[in-house]
Amino acid sequence: MTKVRNPFPIISRRPDDDPKICIEINRSWLPALLGMVQPFRYPEYWLGTLAENKQARADVLKLLDILSEAGECDMTNNCCVNVTVILHRIDPITLQLQISIDGGATWTPDPESELNTAIQQPPLVTVGGGDKCDAASNGKQHIEDIIAGSSENLGTAQTVLDLAIGVASIALGVMIFFILGPEVAPITVEIITTAAGIIWGAAKAALELGKTGFDSYWTTDERDKILCALYCTIGEDGAFTDSQFAQFISKWKSLRTPSLAFDLVEKTVYVGGAIGLTNMCSYGDGAISDCNDCDCSGCDFSGWEQWVNGTILEQDADHIVIEAVFGGGQWNAGVRNPNINTCCCFVVFTPEQGQNISTVGYVPCAATNDDQSHMLFAYTNQSANAFAMADLNPFTVTITGQECA
């Protein structure tokens, strides 16, 4: 019997017991690995009692079987790893592209999405190119580019797909990909189809409206409202945070005349989010508009208070930040105005990054909000004096809104 210098200590677990690990090696090394393990079939390679030694040698035979089966494994049949199913969605509130790796229980921004990894240009004011009115003027100019491109595509599109892809391509060009140019940062098919999916519903409605109806909506008055919505919500540096972007959408909706023509352009601007809108405001002619006539008054949240659940973390006239608390099997937060006749419209709820709100309830203006007996659901910009939010997971949300006309 060959003398082994350092016999191996007994391993108490079997080779196929849990927990398991996965080791990836080049297929050509498998025969060598089998040869290295073969000697451990002999008793002199193990310490322990006679029974332990016998079990160790049986375990080696099992290990050799496992390694032999590994020869049939490769990355196409996934027999070596646990497969993680990744779900994708567009967040119903923020329209952000998200993924879930736990079956939809929690959602986070999709790290592979080109929309979520877009490069933000230095804001106009930061680099000394003008003031926030100049930045807003740039933004208006490029939203008008989207309007013009939408009109052109409405004149040629035969299907909703034609229109959605055409409008999405134009929007992505002015929001994101102008930075490096199409040769360096091409607009891929994947990102175009993703953006087209976001605006699909609005594109379908606009196609039914037609080019004539679309063009007739975009009067000088409606275009001027874009400038004021931008100017009243953009940061002093000429950039938009996520919260300021939500305020812009809310302000724009509060000023506009409702129309399917507006819905297409608004959803298209939504595709680029805060980075896309900041980029549109960062370049252009600038200094061509006067913002002095813009009425930047918003909803006054200073008199609102916590309602039912939640903890208010931050509050001023322009916004409320509230953190949900757990109760009744889910996380809840709510705010109300004790003066039930002083209400807010076009209210926007912006959860912190990666979080979600699955339910929003509201109390219509003038209805009592001492309890939840008058609460309705499916909030879509109505005048309201109280809001309740809920989700299965924790969340902190920023609430902004506009005065009701």
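The values are calculated or read from the model by the stated rules, or taken from the named source; none is laboratory data. Quick caveat, the model's predicted, so the values are computed rather than measured. As a convention, Cβ positions derive from the backbone with ideal geometry for all residues, glycine included, and neighbour counts pool all protein chains shown.
Points worth noting:
- For the stretch 269-313, residues that are on the phi > 0 side of the Ramachandran plot and surrounded by 14 or more Cβ atoms within 10 Å (Cβ to Cβ) total 5.
- Test set (1) among the aromatic types (Phe, Trp, Tyr); (2) over 15 Å from Ser243 (Cβ atoms); (3) touching a Lys or Arg at 6+ places or on another chain (Cβ under 8 Å) - Phe346 fails condition number: (2)
- Once the stretch 347-373 is narrowed to residues that are crowded, with 16+ Cβ neighbours inside 10 Å and farther than 27 Å from Pro258 by Cα, the residue that is modelled with the highest pLDDT is Asn369.
- Failed condition for Val127, given (1) modelled with pLDDT of 75 or more; (2) outside the structural domain of Thr233 (by TED's automatic domain parsing); (3) of a type outside the set (Phe, Trp, Tyr); (4) more than 30 Å from Asn356 (Cα to Cα): (1)
- Any hit, the stretch 279-287, residues being in contact with a His (Cβ under 6 Å, 6 or more places away or on another chain) and either among the polar types (S, T, N, Q) or outside any loop (DSSP other than H, G, I, E, B) (or both): yes
- Matching option when the condition is aliphatic (A, V, I, L, M) and either within 30 Å of Gln330 (Cα to Cα) or in contact (Cβ under 8 Å) with a residue 60 or more places away in the chain (or both), among Leu255, Leu227, Leu260: Leu227
- Residue identified as under 13 Å from Asp391 (Cβ atoms), touching a strand residue (DSSP E or B) at 6+ places or on another chain (Cβ under 6 Å), acidic (Asp, Glu) and not assigned by TED's automatic domain parsing to the domain that holds Ile249 among Glu314, Glu323: Glu323
- Test: residue in the stretch 158-174 that is at pLDDT 80 or above, touching a Phe, Trp or Tyr at 6+ places or on another chain (Cβ under 9 Å) and not small (Gly, Ala, Ser): yes
- Any hit, the stretch 207-216, residues being touching a residue at least 60 places away in the same chain (Cβ under 8 Å) and not basic (Lys, Arg): yes
- Selection from the stretch 37-68 of residues that are of a type in the set (A, V, I, L, M, F, W, C), at pLDDT 85 or above and exposed (fewer than 15 other Cβ atoms within 10 Å of the Cβ): Leu50, Ala51, Ala58, Leu61
- Residue selected from the stretch 236-268 under the condition buried (at least 17 other Cβ atoms within 10 Å of the Cβ) and in a loop (DSSP other than H, G, I, E, B), by the criterion nearest to the chain's Cα centre (by Cα): Phe240
- Residue ID - surrounded by the most Cβ atoms within 10 Å (Cβ to Cβ), chosen from residues in the stretch 384-405 that are among the small types (Gly, Ala, Ser) and within 18 Å of Phe248 (Cα to Cα): Gly401
- Scope the stretch 250-276; condition under 22 Å from Pro122 (Cα atoms) and either at pLDDT below 90 or basic (Lys, Arg) (or both); matching residues: Tyr270, Val271, Gly272, Gly273, Ala274, Ile275, Gly276
- Selected residue (only one of Cys299, Cys294 is touching a strand residue (DSSP E or B) at 6+ places or on another chain (Cβ under 7 Å), farther than 29 Å from Thr108 by Cβ and among the hydrophobic types (A, V, I, L, M, F, W, C)): Cys299
- When residues of the stretch 329-346 are limited to those that are among the small types (Gly, Ala, Ser) and surrounded by 20 or more Cβ atoms within 10 Å (Cβ to Cβ), the one farthest from Lys253 (Cα to Cα): Ala333
- Taking the criterion of being surrounded by fewer than 18 Cβ atoms within 10 Å (Cβ to Cβ) and within 26 Å of Lys225 (Cβ to Cβ), the residues of the stretch 152-163 that qualify are Glu152, Gly155.
- Sole exception among (1) in a loop (DSSP other than H, G, I, E, B); (2) within 26 Å of the chain's Cα centre (by Cα) for Asp293, by number: (2)
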